[in-house]
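Working notes, structure below.
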Amino acid sequence: MPLPRTQATFVSPIVESRRWVAGAEFPPDRPLLNVSQAAPAEAPPEGLRQALADAALNDVSAYLYGPVLGNDPLRRALAQQMCRHYQAEVLPEQVGITSGCNQAFAAAIAALCGEGDEVIIPVPWYFNHKMWLDMAGVNAVPLHTGEGMLPDLAAAEALISDRTRAIVLVTPNNPCGVEYPSGLVQAFFSLARSRGLALIVDETYRDFDSRGGAPHGLFQMPDWDTTLIHLYSFSKAYRLTGHRVGAIAASTERLFEMEKFLDTVSICPSQLGQAGALWGIENLHHWLAGERQEILDRRLAIEEGFPVLAAKGWKLLGCGAYFAYVEHPFELPSEQIAHQLVKDASILMLPGSMFMPAGEPDGARQFRIAFANVDRAGIHTLFERLAAFNP
């Protein structure tokens with residue numbers, strides 16, 4: 001008898017790691033440093049919260065079903081924002097709003113793949129992508145990254161089969177933090193187009209890219225929407241994680257298919273979340289620029305402070321957006337070390353094995369540091385504790 005689809009995949013690393021600290025007590029002079037999850041922990045700016053409150057009190061439509069692909073004002077505003085950001089033409093009808101970026105990915109896979117099809121994803125991977133492919137009965141084909149934690153084009157081409165339907169890129173990357181060079185992204189687009197595949201580019205962290213201007217030119221390509229499926233999240237930009245508002249840009253034909261999936265799962269995105277996202281686009285441009293500068297400063301703090309760990313044998317493999325990806329110097333595997341770090345150093349950090357196929361030796365040597373909620377002082381404390389740690 002076939003197993004239920006949920007049993008085809010693993011437990012979410014975020015859910016699993018929370019169990020490690022459930023009920024634990026930490027010394028007053030060594031409180032828990034949680035660098036496990038890439039999500040802002042603070043509330044949105046007061047103006048956005050006021051907009052949510054006003055919608056909840058005064059807008060009857062905030063309590064009703066809305067369009068499956070999102071409200072027209074938000075689709076128009078996001079399309080206009082994308083036109084400015086990517087210096088290209090993106091039409092509102094090429095944009096859909098989803099209940100978070102994870103749902104955008106799920107909808108894309110539902111519109112592209114049948115059971116037994118294949119999708120190529122770089123390793124280390126974003127674990128929710130792998131989990132959804134497992135539950136959808138789609139084979140995740142690992143594309144191991146090379147120097148600089150970047151995916152190799154020739155290696156990707158060698159993995160393409162007659163069952164391949166898409167290649168997935170995440171930039172800036174989760175878990176590695178690296179920003180994929182424009183030329184590399186363009187090369188993957190050309191490969192996908194030449195082989196009749198979709199290129200899914202998840203840009204959840206695009207607002208915290210260190211590069212000025214458009215990070216790539218894919219939206220400037222003729223008929224970009226026949227190849228590119230772009231994913232985005234309002235969660236990180238405007239601190240709306242709990243409201244679950246994401247977005248997808250693709251051809252109207254593909255959005256038509258995705259609409260069937262979205263209609264049966266959530267019917268429509270959160271009305272209040274959409275109100276917050278729209279207010280954010282219209283009013284928080286300068287505020288978001290300040291948030292970006294803060295994240296870039298934390299990235300700099302990681303890079304400036306890392307010699308303390310390098311002296312102990314640690315290696316910085318990637319850094320950017322919300323993440324640093326590191327290699328530890330110990331003989332024990334990273335998952336065992338992760339448990340010891342909770343107990344002995346009050347650090348909650350995800351091991352690389354949670355971003356890899358089972359049994360991958362690299363995963364046993366690596367960790368992801370999510371520093372979105374750790375300021376410069378916290379990063380200094382984190383490195384002090386890690387430098388003193390010896391399992």
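The values are calculated or read from the model by the stated rules, or taken from the named source; none is laboratory data. Fair warning: this is a prediction, and the values are worked out from it, not measured in the lab. Here the Cβ is made from the backbone with ideal geometry for all residues, glycine too, and neighbour counts use every protein chain on show. For accessibility, only protein heavy atoms count, side chains too; no ligands or nucleic acids. Shrake-Rupley method; radii C 1.70, N 1.55, O 1.52, S 1.80 Å.
Counting only DSSP beta bridges with both residues in the chain, the antiparallel share comes to about 50 percent. Sequentially through region 172-184, phi angles give Karplus couplings (6.51, -1.76, 1.60; θ = phi - 60°) of x, 7, 10, x, 7, x, 6, 9, 6, x, 4, x, 5 Hz, Gly and Pro residues having no value and appearing as x.
Whole-Hz Karplus values for region 65-70 come out as 4, x, x, 4, 8, x Hz, taken residue by residue from phi with 6.51 cos²θ - 1.76 cosθ + 1.60 and θ = phi - 60°; glycine and proline positions read x.
Take the solvent-accessible surface of the protein heavy atoms, probe 1.4 Å, and return the percent of it on the chain that carbon and sulfur atoms account for.
Reported share for carbon and sulfur atoms: 52 percent.
Summing Cβ point charges (Lys, Arg +1; Asp, Glu -1) relative to the Cα centre of region 35-181 gives a dipole of roughly 180 debye.
Restriction of the trypsin sites (Lys or Arg not before Pro) in region 25-119 to DSSP coil positions whose beta-carbon has at most 14 other beta-carbons within 10 angstrom yields no sites.
Residue 221: accessible area at probe 1.4 Å, nearest 10 Å²? Per-residue accessible area (residue 221): approximately 60 Å². Residue 135 exposes around 60 Å² of accessible area when a 1.4 Å probe is run over every protein chain in place. Under 5 Å between amide hydrogens, built in the peptide plane, is the criterion, and for residue 347 it picks out 33, 342 among residues at least 5 positions away or on other chains. Applying the Karplus relation 6.51 cos²θ - 1.76 cosθ + 1.60 with θ = phi - 60° to region 373-386 yields 3J(HN,Hα) values of 10, 10, 7, 4, 5, x, 5, 4, 5, 4, 5, 4, 5, 5 Hz, where x marks Gly and Pro.
If the segment from residue 63 to residue 358 were pulled out straight at 0.36 nm per residue, it would be longer than the present Cα-Cα gap by 101.8 nm.
In terms of its C-alpha gyration tensor, region 256-391 has an oblate overall shape, because the principal axis ratio a/c (a ≥ b ≥ c, square roots of the eigenvalues) is not below 1.5 and a/b does not outweigh b/c. Protein-only accessible surface at a 1.4 angstrom probe places the residues 89, 360, 157 in the order 89, 157, 360, largest first. Ligands, DNA and RNA aside, residue 211 has an accessible area near 70 Å² when probed at 1.4 Å. Near residue 69: Cβ cut-off under 14 Å, other residues only, Lys/Arg at +1 and Asp/Glu at -1. The net charge is -2. Amide H to amide H, with H built 1.01 Å from N, residue 366 comes under 5 Å of 328, 334, 352, 353, counting only residues 5 or more places away or on other chains.
Residues whose amide H comes within less than 5 Å of that of residue 99, counting only those at least five positions distant or on another chain, are 246 (H built at 1.01 Å from N in the peptide plane).
Descending by average beta-carbon neighbour count within 10 Å, the peptides 324-330, 100-106 line up as 100-106, 324-330, the highest first.
Report the full-extension gain for the segment residue 18 to residue 282: residue separation times 0.36 nm, less the Cα-Cα distance, to one decimal in nm.
Extending this stretch completely gives an extra 91.5 nm.
Per residue, the chain exposes 42 Å² of solvent-accessible protein surface, assessed with a 1.4 angstrom probe and all protein chains in place.
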